[in-house]
Amino acid sequence: MNYDPKSSKAEEFINHEEILESLEYAKQNKYNKELIEVILDKANMAKGLTHREAALLLECEDEKLIQKMFKLAEDLKKRFYGNRIVMFAPLYLSNYCINGCVYCPYHLKNKDIARKKLTQEEIKKEVIALQDLGHKRLALEAGEDPINNPIEYILESIKTIYSIKHKNGAIRRVNVNIAATTVDNYQKLKEAGIGTYILFQETYNKVAYEKLHPTGPKHDYAYHTEAMDRAMEGGIDDVGLGVLYGLSTYKYELVGILMHAEHLEAKYGVGPHTISVPRLRPANDIDVSDFPEALSDDIFQKIVAIIRLAVPYTGMIVSTRESQKTREKVLHLGISQISGASSTSVGGYDDRAKGLKEEITSAQFDVDDDRTLDEIVNWLLEMDYIPSFCTACYREGRTGDRFMSLCKNGQIANCCQPNALMTLKEYLEDYASNNTKEIGENLILNEIKKIPKDKVREIVEDRLVKIADGERDFRF
Ligand code: SF4
Ligand code: SF4
């Protein structure tokens with residue numbers, strides 16, 4: 001197999017030999033400070049990095065150079081994302097699954113877990129509970145099961161979610177994380193108005209992949225790895241990548257995911273919309289000590305920083321799998337999106353709203369950051385971040401290469417900043433505690449001054465008054 005980033009074949013665009021050669025190149029050059037400095041200069045120009053260059057940065061153990069990487073990642077993040085952090089929540093529809101993934105409690109053979117699939121009526125209740133928290137953006141999750149969770153069920157659920165308007169609440173963007181599927185089904189998801197299609201590769205190492213997915217349709221490495229190509233063919237041009245760190249060796253995974261990004265760029269002219277960085281967590285039937293590749297916090301931070309340098313325009317997501325402390329660290333290193341107040345159980349939001357104990361045994365993993373959304377918003381505001389509930393881009397048709405070109409020339413910030421302030425204002429009016437409201441209003445006053453164009457600033461000021469008067473859903 002030859003390495004070919006433009007190939008449609010998984011084993012050519014994620015090429016095992018090329019990964020091994022890149023890792024070897026990194027080892028050979030790890031003490032070459034001059035070369036590492038050249039790579040950091042390139043990163044500083046926001047030109048991105050190749051998978052080989054990123055492999056070398058990952059191999060570097062020089063503390064000074066590592067600190068330089070961290071500083072650069074923070075600078076780049078500020079350049080493209082300012083101090084905005086986009087908020088979202090996962091919504092689990094069903095944990096029926098016919099796959100045998102050994103790291104996930106939803107695997108077919110787990111008889112201990114409570115199996116649940118939400119009816120449309122139950123989805124309404126979940127969505128109302130999510131709206132009452134203040135969420136506007138969801139990531140839909142469902143196991144792979146053609147009988148219990150066929151595509152028709154997912155499409156109907158999306159329709160239900162978008163249809164619910166409760167008080168001032170609305171879910172304005174539904175991202176979808178379901179199993180690899182056909183071009184036809186991706187077309188249907190596109191027509192249903194999804195935001196990003198997210199599919200984690202779990203591991204790019206084929207041998208490890210096949211062992212970790214011993215049974216079920218997910219066992220097919222090529223079908224899974226080529227899913228984003230089919231999604232693109234189906235018209236979905238915002239796709240989200242991720243590996244589950246801890247399953248296999250992290251060096252291999254970092255090179256693999258950057259090769260995947262290079263493939264999408266080479267073949268479709270648009271890289272991934274987002275990259276997620278989940279780490280393995282304990283769960284029902286899952287003992288993390290069975291996985292010797294667990295990642296230390298230090299390496300985790302280095303990976304986040306290097307991804308930020310390698311793909312400066314790609315959104316980066318960290319979930320509530322991580323603790324408050326870890327999330328605080330990686331926010332500085334390039335993370336642009338976080339989840340908040342997440343339930344990883346099927347039906348968990350409505351249970352929580354009713355004061356019931358969450359159905360722990362239907363959870364996909366234990367969350368580490370279990371604060372309320374108000375606590376998370378407050379925490380971000382205290383650190384001078386702007387929590388953003390913006391969902392404007394795909395609703396304005398800014399997707400795929402159109403979105404990426406706006407990102408690359410920096411123009412997207414003209415939309416993100418005002419949208420962040422207006423959606424934060426909505427949150428403060430409708431859902432925030434008094435203290436959060438007070439800090440948030442002060443932050444908005446300071447941030448408005450930073451909007452460079454007079455005209456835009458005036459429009460935002462006018463709209464903020466209208467939001468206080470009860471109008472909603474303004475966007476640039
Ligand atoms: S990771 Fe996904 S496909 Fe695998 S068992 Fe869990 S829900 Fe099913
Ligand atoms: S304007 Fe677009 S890129 Fe910016 S936060 Fe909103 S949806 Fe994201």
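Some points to look at:
- Verdict on residue 349 being in contact with a strand residue (DSSP E or B) (Cβ under 8 Å, 6 or more places away or on another chain) and on the phi < 0 side of the Ramachandran plot: yes
- In the stretch 348-376, residue modelled with the lowest pLDDT [restricted to those that are within 16 Å of ligand 1 (Cβ to nearest atom) and of a type in the set (Gly, Ala, Ser)]: 362
- Only one entry of 21, 17, 53 meets the criterion of being touching a Phe, Trp or Tyr at 6+ places or on another chain (Cβ under 8 Å) and either at pLDDT 95 or above or surrounded by fewer than 16 Cβ atoms within 10 Å (Cβ to Cβ) (or both), and that entry is 17.
- Residues in the stretch 145-200 that are over 26 Å from residue 226 (Cβ atoms), small (Gly, Ala, Ser) and either away from ligand 2 (no atom under 16 Å from the Cβ) or within 17 Å of the chain's Cα centre (by Cα) (or both): 163, 169.
- Residue check for residue 19: in contact with a helix residue (DSSP H, G or I) (Cβ under 6 Å, 6 or more places away or on another chain), away from ligand 1 (no atom under 16 Å from the Cβ), of a type in the set (Val, Ile, Thr) and under 19 Å from residue 301 (Cα atoms): no
- Only a single criterion out of (1) crowded, with 18+ Cβ neighbours inside 10 Å; (2) out of contact with any Asp or Glu (no Cβ under 7 Å at 6 or more places or on another chain); (3) in contact (Cβ under 8 Å) with a residue 40 or more places away in the chain is not satisfied by residue 264, namely (3).
- Output for the stretch 91-133, where each listed residue is in a loop (DSSP other than H, G, I, E, B) and more than 16 Å from ligand 1 (Cβ to nearest atom): 119
- Every residue from the stretch 366-412 that is touching a strand residue (DSSP E or B) at 6+ places or on another chain (Cβ under 6 Å), within 11 Å of ligand 2 (Cβ to nearest atom) and among the β-branched types (Val, Ile, Thr): 386, 391
- The stretch 200-240, subset on the phi > 0 side of the Ramachandran plot and within 16 Å of ligand 1 (Cβ to nearest atom), residue surrounded by the most Cβ atoms within 10 Å (Cβ to Cβ): 202
- Residue within the stretch 346-354 that is outside any helix (DSSP H, G or I), without any contact (Cβ under 8 Å) to a residue 40 or more places away in the chain and surrounded by fewer than 17 Cβ atoms within 10 Å (Cβ to Cβ) present: yes
- When the stretch 386-406 is filtered for residues that are surrounded by 19 or more Cβ atoms within 10 Å (Cβ to Cβ), within 18 Å of residue 421 (Cβ to Cβ) and either of a type outside the set (Gly, Ala, Ser) or within 16 Å of ligand 1 (Cβ to nearest atom) (or both), the ones remaining, listed by number, are 386, 387, 389, 390, 391, 393.
- Identity of the residue in the stretch 453-476, within 16 Å of ligand 2 (Cβ to nearest atom) and farther than 20 Å from residue 131 by Cβ, that ends up surrounded by the most Cβ atoms within 10 Å (Cβ to Cβ): 460
- Restricting attention to the stretch 176-199, the residues that are surrounded by fewer than 22 Cβ atoms within 10 Å (Cβ to Cβ) and either of a type in the set (Asp, Glu) or away from ligand 1 (no atom under 16 Å from the Cβ) (or both) add up to 9.
The values are calculated or read from the model by the stated rules, or taken from the named source; none is laboratory data. In this text the structure is predicted, and so the values were computed from the model without any measurement. Every residue, glycine as well, gets a Cβ built from its backbone with ideal geometry; the counts of neighbours run over all protein chains shown.
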